[in-house]
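S.K.: Dumping the structure here so I can ask a few things about it.
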Amino acid sequence: MEILRTVPEIRAYAAAQKKADKTIGLVPTMGALHEGHLSLMRAARAKCDVVIASVFVNPTQFGPSEDYDAYPRQFEDDCRLLAEIPVDAVFHPEPAEMYPRGYSTYVEVAGDITKKLCGARRPGHFRGVATVVTKLINLARADEAFFGQKDAQQVVVVRRFVTDLNLNVHINMVPIVREESGLARSSRNAYLSAAEKEAAGVLSRSLRKAEASFRQGEKNAETLKALVLREIQSEPMAEIDYVELYSFPDLEPLPEVTEDALLAVAVKFGQTRLIDNVILEGGRA
Ligand code: AMP
């Protein structure tokens, strides 16, 4: 597995692959890899000739009061996991390699899709994501890029700027990987105490409950959201940030689930903010 740390290195690597007529799959991550990330790697491995993973804790997507400094960094462990897939190359730049002195250009998706859900609570977050993902797609010369449904709004935003900027890459969305308890895998789960982790099981439980009710015919958005809300409120350690339902992938308000819908939650346990979601397949349930 090649370890690429600089812009010239990844450019040369991608150019050699293109010259050999290989398709390139890109999997952007911030590291502290877990099974969720690895399922993206496997999806890329199955679809593309060459897989490039990136491990980069992107400073521009963190707000000033967020966990950029504390975010777990364990590059050697990450490399061991990536080599097992196997991934062909990992891009692991320093922040100054991506944002050198004088850096001034950002990709900003205007419009409603970045203003709701996590966009409303994390100003500037999607601007940072859109900027770094644009740079990574460009550097890796990716034909395919892989993202998790865990961050469903991120997938919506990435697909928006890929379409708008005519980037020649296909965006793949991979299902959420969960622990046995149902808790969605996340690098931030490492922040949770044992008690918080147990309490956080309420997220997937609440979503499953709403999904079951939807399958039994409940289509009303307020009723479905109320089900989730009530379940989460029964957990004293949970501090709810949002419980929302929007059409998917447009993220428009949807009073009745008559088309695909994203039922999404963000909840704090102690200092740790976790997100989870389920996609309700409207009309087909
Ligand atoms: P991150 O390192 O948190 O930026 O995540 C990198 C990619 O992995 C993103 O596309 C995430 O949506 C995806 N991802 C993170 N956790 C999971 C999970 N539990 N299941 C599936 N994909 C995930």
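Read-outs: derived from the displayed coordinates by stated rules, not from any lab. Note that this is a predicted model, so its numbers are computed, not measured. For neighbour counting, all protein chains shown are included, and Cβ atoms are generated from backbone atoms with ideal geometry for every residue, glycine included.
S.K.: Counting only residues that are of a type in the set (Gly, Ala, Ser) and surrounded by fewer than 24 Cβ atoms within 10 Å (Cβ to Cβ), which one in segment 109-147 is nearest to residue 171 (Cα to Cα)?
M.R.: 128
S.K.: Does residue 184 fit the bill of being buried (at least 17 other Cβ atoms within 10 Å of the Cβ), within 19 Å of the chain's Cα centre (by Cα) and either of a type in the set (A, V, I, L, M) or within 12 Å of the ligand (Cβ to nearest atom) (or both)?
M.R.: yes
S.K.: Considering only residues that are surrounded by fewer than 21 Cβ atoms within 10 Å (Cβ to Cβ), outside any helix (DSSP H, G or I) and not acidic (Asp, Glu), which ones fall in segment 1-20?
M.R.: 1, 3, 5, 6, 20
S.K.: Checking residue 133 against (1) within 16 Å of the ligand (Cβ to nearest atom); (2) within 29 Å of residue 268 (Cα to Cα); (3) assigned to a loop (DSSP other than H, G, I, E, B), which single condition isn't satisfied?
M.R.: For residue 133, the failing item is (3).
S.K.: Additional query: Are there any pairs with C-beta distances below 9 angstrom linking a residue in segment 7-33 that is among the aromatic types (Phe, Trp, Tyr) to a residue that is within 16 Å of the ligand (Cβ to nearest atom), with the two at least 6 apart or on different chains, and if so which?
M.R.: 13/52; 13/91; 13/140
For (1) touching a residue at least 60 places away in the same chain (Cβ under 8 Å); (2) not charged (D, E, K, R), each residue gets a yes or a no:
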site	(1), (2)
221	no, yes
235	no, no
239	no, no
251	yes, yes
258	no, yes
262	yes, yes
270	yes, yes
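S.K.: Taking segment 137-186, which residues are within 23 Å of residue 91 (Cβ to Cβ) and assigned to a strand (DSSP E or B)?
M.R.: Answer for segment 137-186, where residues must be within 23 Å of residue 91 (Cβ to Cβ) and assigned to a strand (DSSP E or B): 144, 145, 146, 147, 148, 170, 171, 172, 173, 174.
S.K.: Another question about this same structure. Being over 16 Å from the mean Cα position of the chain (by Cα) and charged (D, E, K, R) is the filter here; which residues of segment 128-181 pass it?
M.R.: Correct list: 135, 141, 143, 164, 179, 180.
S.K.: Within segment 76-96, track down each residue that is surrounded by 16 or more Cβ atoms within 10 Å (Cβ to Cβ) and in a helix (DSSP H, G or I). Talk me through it step by step, then tell me what you get.
M.R.: In the first step, residues of segment 76-96 are kept if they are surrounded by 16 or more Cβ atoms within 10 Å (Cβ to Cβ); the result is 78-79, 81-82, 85, 87-93.
Once the filter is applied, which keeps residues that are surrounded by 16 or more Cβ atoms within 10 Å (Cβ to Cβ) and in a helix (DSSP H, G or I), segment 76-96 yields 78, 79, 81, 82.
S.K.: Do you know which residues across segment 187-219 are of a type outside the set (Ser, Thr, Tyr) and in a loop (DSSP other than H, G, I, E, B)?
M.R.: 192, 200, 216, 217, 218, 219 - these are the residues of segment 187-219 that are of a type outside the set (Ser, Thr, Tyr) and in a loop (DSSP other than H, G, I, E, B).
S.K.: Is there a residue in segment 171-181 that is within 20 Å of residue 270 (Cβ to Cβ), surrounded by 18 or more Cβ atoms within 10 Å (Cβ to Cβ) and within 13 Å of the ligand (Cβ to nearest atom)?
M.R.: no
S.K.: Any idea which residue in segment 100-124 is farthest from residue 273 (Cα to Cα), counting only those that are β-branched (Val, Ile, Thr) and in a loop (DSSP other than H, G, I, E, B)? It would help to see each step written out before you state the result.
M.R.: Residues of segment 100-124 β-branched (Val, Ile, Thr): 105, 107, 109, 113-114.
Pick out the ones that are also in a loop (DSSP other than H, G, I, E, B) and you get 105, 107, 109.
On the way: 105: 29, 107: 25, 109: 24 Å.
That would be 105.
S.K.: Still on this structure: Give segment 21-42 a look and list any residue that's over 15 Å from the mean Cα position of the chain (by Cα) and either within 7 Å of the ligand (Cβ to nearest atom) or not in a strand (DSSP E or B) (or both), or say none.
M.R.: Within segment 21-42, 21, 22, 23, 42 qualify.
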